[in-house]
1. For segment 131-144, state whether one or more residues are buried (at least 22 other Cβ atoms within 10 Å of the Cβ) and free of Cβ contacts under 8 Å to residues at least 60 places away in the same chain.
2. Check whether at least one residue in segment 75-96 is more than 20 Å from Ala157 (Cβ to Cβ), of a type in the set (D, E, K, R) and open to solvent by 10 Å² or more (accessible area, probe 1.4 Å), and report yes or no.
3. As an exercise: evaluate Phe196 against (1) surrounded by fewer than 24 Cβ atoms within 10 Å (Cβ to Cβ); (2) farther than 18 Å from Ala68 by Cα and give the number of the one condition it does not meet.
4. Within segment 16-56, how many residues are within 23 Å of Gln129 (Cβ to Cβ), modelled with pLDDT under 90 and among the hydrophobic types (A, V, I, L, M, F, W, C)?
5. Can you tell me how many residues in segment 162-184 are open to solvent by 60 Å² or more (accessible area, probe 1.4 Å) and either touching a His at 6+ places or on another chain (Cβ under 6 Å) or modelled with pLDDT under 80 (or both)?
6. Name the residue, out of Asn110, Asn147, that is in contact with a helix residue (DSSP H, G or I) (Cβ under 9 Å, 6 or more places away or on another chain), open to solvent by 40 Å² or more (accessible area, probe 1.4 Å) and touching a residue at least 60 places away in the same chain (Cβ under 8 Å).
7. Anything in segment 199-208 that is over 16 Å from Ala89 (Cβ atoms) and open to solvent by less than 60 Å² (accessible area, probe 1.4 Å)? List them, or say none.
8. Tell me, which residue of segment 59-74 that is assigned to a loop (DSSP other than H, G, I, E, B) and touching a residue at least 60 places away in the same chain (Cβ under 8 Å) is surrounded by the fewest Cβ atoms within 10 Å (Cβ to Cβ)?
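The values are calculated or read from the model by the stated rules, or taken from the named source; none is laboratory data. Predicted model only: the values in this text are computed from it and were never measured. Methodologically, a virtual Cβ is constructed for each residue, glycine included, from the backbone with ideal geometry; neighbour enumeration extends over all protein chains shown. Accessible surface areas use protein heavy atoms only, side chains included; no ligands, DNA or RNA. Shrake-Rupley method; radii C 1.70, N 1.55, O 1.52, S 1.80 Å.
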Amino acid sequence: MNTAWRVNAAFLVSVATLLGAERALADGTNPYHLEANVVSPFDYTGLVTSAAPYHHVVFGGDTSFDVAIQGMSTGGQKVWFDVRPISPATDIRGVILSGGANARVPACANGNPASGGYVVQVEVQAYHQGTWTPIGWVKYAHVDNINVNNGAVIGKAFSFATASWNFDGSCSTGPHVHMEPYNYRHYACYTNRSPFAYYDTLARVGGGRLGLQPCP
C-alpha cells in the first residue's frame, strides 16, 4: 500500500490561498519544459486493460488507456491524483477544472452516471523558481464518490474519488479507470507497463516532446 506516501485529504488547500498572484496563467507556456510523471491511480498492483496511445480518446487528451486492479474489481477502490515532479520542477499540485462534486460530469455520452460514473479533469501544475506553471491535465473517467469541488487545489498525491461499480456493457465494460493525459504545450507520452505497481509511471505531461510517443 502507498497510503503513507499519499497526501491525506486533510491537506486540501483553499483556492484563495494557492490561486492568488503566484499562479501562472494557464496559457500553455512552459519555458523550462517542466515535466511530471503520472503515476498509477490505485494503491495496488494493476493492469493496463486497454492500451495507449489511441484507446477511445474521447475527452480531448493526447492519449488514453484503461487501468484496473490486478486480480480483483476496481469498484469502490480509492482513485488517486498521483503526479510526481521531474527535475527541474520541485513540486506538483492539481487543480480541479471540471467534474468536481459541485458540478459532476457523466463519463458516458448518454449522460447517465449509472452507465459508467463520472469524469474528473485535474490540471497539473509544476513548481520551479517560485512559480507554479500549468503544464497539462489528466482526466479520470468512471469514478464516483467525488470529494472535491471545481477549483479546489489538491496535493501531488490526493485521493479525490473512488472507482465506479457502474457499467452498462457499452460505455463501460466493467469497473476500471479510464485515463487521458494532455500536455498544454507539446505532447504527453505514455507507457503500457502491465502489470504495474502503485509507484510506476503510466504517462508524463509537460516536457518538450514534438509528437505522441512512448515514455523513455
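1. If we filter segment 131-144 for residues that are buried (at least 22 other Cβ atoms within 10 Å of the Cβ), which is where we start, we get 133-143.
When the remaining residues are screened for being free of Cβ contacts under 8 Å to residues at least 60 places away in the same chain, the result is 142.
Looking for residues that are buried (at least 22 other Cβ atoms within 10 Å of the Cβ) and free of Cβ contacts under 8 Å to residues at least 60 places away in the same chain, one finds at least one in segment 131-144, hence yes.
2. no
3. (2)
4. So the count comes out to 6.
5. Applying the first criterion (open to solvent by 60 Å² or more (accessible area, probe 1.4 Å)) to segment 162-184 yields 165, 167-168, 170, 173, 182.
Subsequent filtering for residues that are either touching a His at 6+ places or on another chain (Cβ under 6 Å) or modelled with pLDDT under 80 (or both) retains 167-168, 170, 173.
Within segment 162-184, residues that are open to solvent by 60 Å² or more (accessible area, probe 1.4 Å) and either touching a His at 6+ places or on another chain (Cβ under 6 Å) or modelled with pLDDT under 80 (or both) number 4.
6. Numbers: Asn110 fails: in contact with a helix residue (DSSP H, G or I) (Cβ under 9 Å, 6 or more places away or on another chain).
The conditions single out Asn147.
7. Asp200, Leu202
8. Just the residues of segment 59-74 that are assigned to a loop (DSSP other than H, G, I, E, B), to begin with: 59-63, 70-74.
Within this subset, residues satisfying the condition of being touching a residue at least 60 places away in the same chain (Cβ under 8 Å) are 59-63, 70, 73-74.
Values: Phe59: 21, Gly60: 11, Gly61: 25, Asp62: 22, Thr63: 23, Gln70: 16, Ser73: 13, Thr74: 28.
Among residues in segment 59-74 that are assigned to a loop (DSSP other than H, G, I, E, B) and touching a residue at least 60 places away in the same chain (Cβ under 8 Å), the one surrounded by the fewest Cβ atoms within 10 Å (Cβ to Cβ) is Gly60.
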